[in-house]
Amino acid sequence: MKWMTSEKLLAINHAGEWGAIHFYTAQSTVSTFRFPNEKTAIESILGHEKVHFKLFDDLLIKRKTRRCHALWFWQIGGYLLGFMTALIGIKAAMVATEVFEDVVISHFDQQLEWLKTNDNELHDLVSYVYQDELSHGVIACPYTEAAGIIYTPLRFIVRILTETMMFLAKHGI
Ligand SMILES: [Fe+2]
Ligand SMILES: [Fe+2]
């Protein structure tokens with residue numbers, strides 16, 4: 001794709017992981033009183049997202065790449081999305097997780113195709129992170145399978161919000 005450069009992809013992924021940290025931080029906070037049995041699973045996902053952010057952050061510093069200007073938006077947007085959906089309940093939280101991770105994975109699919117012929121180092125990093133993101137979707141699966149058609153509007157809203165954050169990251173750097 002025309003807009004793809006290593007600098008942009010690195011900044012977008014860095015911003016996305018920042019959003020993911022806040023998304024799962026909010027879920028973890030709400031889980032304490034809303035669904036404590038799932039707190040451990042959410043914390044393990046959060047641990048992955050912190051590692052991902054650090055990996056992209058280290059590479060960003062090494063390459064002297066500019067951070068995404070919309071980083072603050074990922075922080076607030078990620079937190080609000082995680083918080084509001086978790087308040088509804090565990091099914092809504094996991095529906096949000098599934099959609100959020102699905103958007104990330106489809107963007108990674110596009111990136112990996114371009115990176116394999118343009119940037120080996122970033123390609124290997126995204127490939128590594130990709131596997132973790134897949135596992136996050138798997139954690140959400142048993143809950144989302146039990147979530148009926150009533151959650152369809154929520155899926156749509158979460159997808160629009162996540163894609164909007166992606167759009168801002170792509171065009172805001
Ligand atoms: Fe991640
Ligand atoms: Fe993830």
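Taking segment 21-43 as the range and being away from ligand 1 (no atom under 14 Å from the Cβ), within 22 Å of D57 (Cα to Cα) and among the hydrophobic types (A, V, I, L, M, F, W, C) as the test, only A26 passes. Within the bounds of segment 133-143, is there any residue that is more than 18 Å from I21 (Cβ to Cβ), more than 13 Å from ligand 1 (Cβ to nearest atom), small (G, A, S) and surrounded by 13 or more Cβ atoms within 10 Å (Cβ to Cβ)? No, segment 133-143 has no match at all. Could you tell me whether T32 is hydroxyl-bearing (S, T, Y) and modelled with pLDDT under 95? No. Against the test of being out of contact with any Asp or Glu (no Cβ under 7 Å at 6 or more places or on another chain) and surrounded by 20 or more Cβ atoms within 10 Å (Cβ to Cβ), the options G77, G82, G47, G89 yield a single qualifying residue, G82. For segment 61-161, the helices (runs of 4 or more DSSP H) that sit wholly inside it and include 2 or more residues that are under 19 Å from K39 (Cα atoms) and away from ligand 2 (no atom under 16 Å from the Cβ) are 71-88, 90-118. Just one of the listed residues (I12, I45) is part of a helix (DSSP H, G or I) and within 15 Å of L112 (Cα to Cα), namely I12.
The values are calculated or read from the model by the stated rules, or taken from the named source; none is laboratory data. Small disclaimer: the values here were computed from a predicted structure and weren't measured. Glycine also receives a Cβ, built like all others from the backbone with ideal geometry; neighbour counts cover every protein chain displayed.
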